[in-house]
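Undergrad: Below you'll find the structure I mean.
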Amino acid sequence: MDKRFNNSTSTTNETPISNATTPSHHALNTIPVTSITYQNYLQTETTLDIQTSKQTLLSQSDLLSLSPSLVQKSLSILIPYIQTRRLERIDSVLSQRTRHTRFLFENPSNPSNVWACLRTLDSFGIQYVDVVVDSEQYQGKAAVNQKRGMRTAMGSACWMTVRQFGSVEEAVGRLREEEGCLIYASNLDVNARDVRDLEWDVDFDDSDDVGNGGGNNKKKEQRPICIVMGNEERGISDKMKELADETFYLPMCGFAESFNLSVATAITLAYMSAVSSRSGDCALENDGGDGNSEKGACKGPLRPGDLDPHELQCLRLKGVINSLAQKRMAKALLTKEGIVLPSSLYN
């Protein structure tokens, strides 16, 4: 079971699931799938999936809702307890992160693949990752065990911002309607486009009611990209095909018909990197006099250094908390100075 939901400091209102209701891997294999016990277990898993979704969404909103002054005060208290080279490493990594492109994985089944994908995404500077986990797609014993392992893999990605959604409709609705993303989904289909032919630099339309601010501010921004990778065996769902703005494929010339999920993710990123701005091109540039800043000449899907200044400092605080020997030490140091941060920052 995912121990994050047995924590007494959980910010969700649901009652934590008892270990007594979650059988071990060995015990699970002895339970008939037609039994009431197994059906109750599936319901428990569904409840955990819902809690995970709420927790991941809450964690991100908690972090970004912190005031700039609170973030800076918290950093000033904690930084003396971090080794200089560690802080330099955090700053170096965050300076190359991009918010323009994120990845979404639809109902993946193999936790090893998920972990490999997260490591690859991290190495290319991707900060934001979403996962669709539809409980109805994980019914068999092997599938449920794999999903539990995947939940652990997601929870281990403490340097990235990982959200979970319960359905394709929920994820795409959030990404497109609230965050303005174009949805590009990987798909082995005759109507899919070669990844090398995708359009990466797409402006917001005047009618788009999304983006940072309104009016003229939208014209300065280009639409962020969400790359969707499907299940290792089934690929993307029909609903995702219907909702995606574009579907694409990776060119192949051998007998194999598809790549492994983690390999496909890495190859997609390599193509994206080849047509993107290099580190430093997206640094904030002062517009000269009024105290406002705007982005440099960023092109392509990967735009290292394009994090919003407040966003960057919030992630820096999260990185500093993660770098302490024990996260409860950070909580104790801040509490001593009268600072109470959301408990989700210590998970």
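The values are calculated or read from the model by the stated rules, or taken from the named source; none is laboratory data. Just so it is clear, the structure is predicted and the values come from calculations on it, not from any experiment. Note: ideal-geometry Cβ built from the backbone for every residue, glycine included; neighbour counts use all protein chains shown. Quick note on the areas: whole protein, heavy atoms, side chains included, nothing else; ligands and nucleic acids left out. Shrake-Rupley method; radii C 1.70, N 1.55, O 1.52, S 1.80 Å.
Undergrad: Need one number: nm distance between label points at Thr47 and Gln83, each 7 Å from Cα along Cα→Cβ, rounded to one decimal.
TA: With each label point 7 Å from Cα toward Cβ, the separation is 4.3 nm.
Undergrad: Obtain the nm distance between the two label points defined at Ser65 and Val263 by a simple spin-label model: each point lies 7 Å from its Cα along the Cα-to-C-beta direction.
TA: 4.4
Undergrad: Whenever you get a sec, line up His100, His310 from highest to lowest accessible area (probe 1.4 Å, protein heavy atoms).
TA: My answer, sorted largest first, is His310, His100.
Undergrad: Sorted by mean Cβ packing within 10 Å, highest first, what order do the peptides 226-239, 117-130 take?
TA: Result, highest mean Cβ count within 10 Å first: 117-130, 226-239.
Undergrad: Order these peptides, 183-189, 38-44, 332-338, by their mean beta-carbon neighbour count within 10 angstrom, highest first.
TA: Top to bottom by mean Cβ count within 10 Å: 183-189, 38-44, 332-338.
Undergrad: Put a dot 7 Å past each Cα toward the Cβ at Asp189 and His310; how far apart are the dots in nm?
TA: 3.8
Undergrad: Further question on the same structure: Per 0.36 nm of contour for each residue apart, how much would the distance between Ala270 and Asp201 grow if the chain were fully extended, relative to their Cα-Cα spacing?
TA: Additional length available on full extension: 23.1 nm.
Undergrad: If a paramagnetic tag sat 7 Å from the Cα of Glu170 along the Cα-Cβ line, which residues of region 74-105 would have the backbone N under 19 Å from that point?
TA: 103-105
Undergrad: Please report the net charge: other residues with Cβ closer than 14 Å to the Cβ of Cys226, K and R +1, D and E -1.
TA: Every neighbour counted, the sum reads -2.
Undergrad: Taking the mean number of other Cβ atoms within 10 Å as a proxy for protection, how do you rank 48-58, 71-81 from highest to lowest?
TA: 48-58, 71-81
Undergrad: In region 70-188, with Lys and Arg counted as +1 and Asp and Glu as -1 at Cβ, which of these residues, Ile90, Thr120, Leu70, has the Cα nearest the positive end of the dipole, that is, farthest along it?
TA: So the residue furthest toward the plus end is Ile90.
Undergrad: Just to make sure I understand: if all protein chains stay in place, what is the order of Glu169, Glu177 by accessible area at 1.4 Å, largest first?
TA: Glu177, Glu169
Undergrad: Set the Förster radius R0 to 51 Å, insert the Cβ-Cβ distance between Lys336 and Glu179 as r into 1/(1 + (r/R0)^6), and round the FRET efficiency to 0.05.
TA: Computed FRET efficiency for Lys336 and Glu179: 0.85.
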